[in-house]
Amino acid sequence: MVTIIGTVIFLTALCYTLLPLMEKKEAWILPKDAVAAHRESLVRDKAIYLRALQDINFEHASSKINTDDYNELKSHYRQKASSIIEAIEELEEQVKEPESGNG
């Protein structure tokens with residue numbers, strides 16, 4: 001009798017432990033909402049850096065910052081904006097690939 005009760009408890013605990021592992025989940029694919037939120041975040045960041053480029057152009061034209069600082073900031077902001085634009089393009093390509101595979 002003790003063996004039967006022990007076996008039932010063991011099997012119940014085993015099923016409870018292994019059940020989450022048997023569920024079908026696509027852990028490596030972000031939900032479309034998460035992808036859209038990430039893209040929006042990247043677009044926002046791009047706008048921030050492009051605006052910063054405009055600001056330093058204005059400040060340099062009005063002699064508020066010197067040429068060395070202007071060139072350093074311009075290089076930094078351009079590099080950041082460029083990397084964000086590349087990230088947006090990569091994200092859009094990743095989104096297009098699964099859609100074209102379903103046809």
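For region 83-98, how many residues meet the condition of being within 13 Å of ALA52 (Cβ to Cβ) and of a type in the set (Ser, Thr, Tyr)? Residues flagged as within 13 Å of ALA52 (Cβ to Cβ) and of a type in the set (Ser, Thr, Tyr) within region 83-98 amount to 0.
Which of the residues belonging to region 57-97 are in contact (Cβ under 8 Å) with a residue 24 or more places away in the chain and in contact with a His (Cβ under 8 Å, 6 or more places away or on another chain)? Across region 57-97, the qualifying residue is only LEU91. Considering only residues that are among the acidic types (Asp, Glu) and either surrounded by 10 or more Cβ atoms within 10 Å (Cβ to Cβ) or over 35 Å from the mean Cα position of the chain (by Cα) (or both), look in region 1-48 and name the one that is modelled with the highest pLDDT. Only one residue fits best here, namely ASP45.
The values are calculated or read from the model by the stated rules, or taken from the named source; none is laboratory data. The shown structure was predicted, so the numbers you read here are calculated from the model rather than taken from an experiment. Cβ coordinates were reconstructed from backbone atoms using ideal geometry, including for glycine residues, and neighbour counts include every protein chain displayed.
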